[in-house]
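Quick notes on the structure that follows.
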Amino acid sequence: MSPLPGLKDLCLTTNGSLLAEKAPALTAAGLRRVSVSLGTLNPEKFRAMTQRGNRDKVLEGLFAAKHYGRQPVKINAVIERGVNDDDILDLVDFSRKNGFGFFAVARG
């Protein structure tokens with residue numbers, strides 16, 4: 001339950017890059033559910049897709065959210081033809097093996 005009166009649910013959608021370091025404070029603030037954007041598990045492709053991102057920091061954030069009991073922790077992926085469409089099965093498998101929810105939307 002959130003420490004804010006009347007607020008029954010608190011969720012966050014994030015790129016996950018700072019999630020690991022912020023997870024304790026977010027938990028204390030009443031965060032219950034987390035959705036993290038992750039379109040590929042391939043580090044080079046991730047960097048190209050995000051134009052800045054560090055895939056390992058995002059993975060660290062996913063596992064930190066799970067460690068702190070956030071439920072559910074969900075991965076959101078935008079799948080683009082010719083960019084990361086060959087990554088969807090790896091993302092599904094990774095999600096299943098680690099107990100994360102998974103949602104994908106196709107673009108292009």
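FYI, it's all coordinate maths here, none of it is from the lab. Bear in mind that the values here come from a model prediction, so they are computed numbers and not experimental data. Cβ atoms come from the backbone with ideal geometry, glycine included; neighbour counts cover every protein chain shown.
Tabulated values for the structure
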| read-out | value |
| --- | --- |
| The chain: most fluctuating residue of LEU31, LEU91, LEU12 per GNM, C-alpha cutoff 10 Å | LEU12 |
| Trypsin sites (Lys or Arg not before Pro), loop per DSSP, at most 12 other Cβ atoms within 10 Å - longest free stretch of the chain | 9-51 |
| q = 0.13, 0.14, 0.17, 0.22 Å⁻¹, region 11-107: log10 I(q)/I(0) [Debye, one scatterer per Cα] | -0.40, -0.47, -0.68, -1.09 |
